[in-house]
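> Just passing along the structure, written as structure tokens.
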Amino acid sequence: METEKSDRPASVDIIAKKRHSLFWRYRIRRRVRRALRDPDWALRRAEAFRRDVGGDLPKPSSQGIVLAACDDLYYHSFAPTLVRSIERHGVTQPVHLHLCAPRPETLADVAELSRSLRHVALSWTWDSGALAEGLPYRSIYLASARFLIAPLILESTGTAVLCVDVDAIANKPIWEHYAPVRAAADIVVIQRRDETSDSRRVRAGAFGMNPTPKGRRFAAALIGSLAATMPLKPRYHLDQIVIYYLMREFERVGSLAAADMPPELSDFGFEPETVIWMAKGWKMKSSSLFKDAQSNVEASFQPGGDAQAGPAPKK
């Protein structure tokens, strides 16, 4: 029987201890609290990342922006399929990719991908990966990359942002199913209320931020918290624990309208009626279920294929 470790590419980090110590939780929470209390401090912490961003942010849109981030491995393995799975539904949808320290070939590929699309308005940015320098595991930076660029998109466009894993597949048009959920919220989040670990109380596979006053404040504190904590060289991912601590801090200083992300917008089971399929872990990414779903998307864009073809039936 194959294990997830054997399915995982050799270049992917293996973090044995998937939690933060009490000391690290204290350090992270201090910076989250400071970022929320002092917006100027948060802005200064994020300035180095802002200066490092190249490319073009998306244009303002009446329809929200679907955002994913990836390095070269994840881009070539998953990003084109995610984009084409959205394209095949024939519905106008802005999509933004943030590329982490991309090679020139990757930048050329994403430009070519953009030219092939009719319905998806694809934009992309990149950074040099400077925030990853000194980290014990580069995946700590990669997991946070979309939550670093999302606040810049929210600030620049005033448009709602839905962050998704890049190894996702759109089984149905995303925004028409997501829009009613986010309508009265500042953020939309998957909360795992039965979890006891602060690193697991929310799941970051699908996370939305709205351009409300509190949504913007949340976003600014999010980028400030992440940018302030990474130089301390944490030994585990920051994205989920920082989102959770920010939600807790908002409870202390004022209310935050946090809507629950519906399960159909982040489905690990690839059920036919759900909206977004997610491949959790390399064992799933290497499975015939996920590979068949990828192949079905890609086949609809081959000569003679139907770019609006539906998903393959679940096996």
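> Against the longest alpha carbon principal axis of the chain, how many degrees, from 0 to 90 and to the nearest 10, is the axis of helix 213-229 turned?
Relative to the chain, helix 213-229 is tipped by roughly 80 degrees.
> Where both partners of a DSSP beta bridge lie in region 22-300, what percent of those bridges are antiparallel, to the nearest 5?
The answer is about 40 percent antiparallel.
> Let me ask you something else. For the chain, what does the helix formula give at 222 nm: sum of -39500 (n - 2.57) over DSSP H segments with n ≥ 4, over the residue count, nearest 500 deg cm²/dmol?
Roughly -14000 deg cm²/dmol at 222 nm, from the helical runs in the chain.
> Computed FRET efficiency, Cβ-Cβ of Asp52 and Ile15, R0 25 Å: what is it to the nearest 0.05? Write down the numbers at each step before the final one.
On the way: r = 25 Å, r/R0 = 0.98.
For Asp52 and Ile15, the calculated efficiency is 0.55.
> Let me make sure I get this right: for region 265-304, a, b and c are the square roots of the gyration tensor eigenvalues over alpha carbons, sorted descending. Under 1.5 in a/c it's rounded, otherwise prolate if a/b > b/c, else oblate. Which is it?
oblate
> Also, quick follow-up: Quick one: length gained pulling Glu271 to Gln191 fully straight, 0.36 nm per residue minus the C-alpha distance?
Full extension from Glu271 to Gln191 adds 26.7 nm.
> How tilted is helix 288-299 with respect to the longest principal axis of the chain? Cα atoms for both, answer in degrees (0 to 90, nearest 10).
Orientation of helix 288-299: about 70 degrees from the principal axis.
> Say a paramagnetic label sat at a point 7 Å from the Cα of Arg252, along Cα to Cβ; which residues of region 20-41 have their backbone N under 13 Å from it?
26-38
> Short version: what are the Cα gyration tensor semi-axes of region 22-300, square root of 5 times each eigenvalue, largest first, in whole Å?
28, 21, 19
> How much area per residue is accessible in region 22-300 when the probe is 1.4 Å and only protein heavy atoms are counted (Å²)?
Dividing the accessible area of region 22-300 by its residue count gives 40 Å².
> Cross-chain or 8 or more residues apart, Cα under 16 Å: how many lysine pairs in the chain fit that? Count them up, please.
15
> When the accessible area of the chain is split by element with a 1.4 Å probe, what percent falls to carbon and sulfur?
Heavy-atom surface of the chain belonging to carbon and sulfur, 1.4 Å probe: 50 percent.
> Relative to the longest principal axis of the chain, what angle (0 to 90°, nearest 10) does the C-alpha long axis of helix 239-253 take?
50 degrees
> Along each of its three principal axes, how wide is the spread of alpha-carbon positions in region 1-148, in whole angstrom units, largest first?
Reported extents, whole Å, longest axis first: 50, 50, 27.
> Based on the alpha-carbon gyration tensor of region 139-264 and its eigenvalue square roots a ≥ b ≥ c, which shape applies: rounded if a/c is under 1.5, prolate if not and a/b is larger than b/c, or oblate?
Verdict is rounded for region 139-264.
> Rank by packing, highest mean first: peptides 47-58, 224-235, 145-156, 126-137, with packing defined as the count of other Cβ atoms within 10 Å averaged across residues.
145-156, 224-235, 126-137, 47-58
The values are calculated or read from the model by the stated rules, or taken from the named source; none is laboratory data. Worth saying up front: this structure is predicted, and the values here are computed from it rather than measured. Quick reminder, even Gly has a Cβ in these numbers, built from the backbone with ideal geometry, and neighbours come from all protein chains shown. Just the protein is used for accessible areas: all its heavy atoms, side chains included, with ligands, DNA and RNA removed. Shrake-Rupley method; radii C 1.70, N 1.55, O 1.52, S 1.80 Å.
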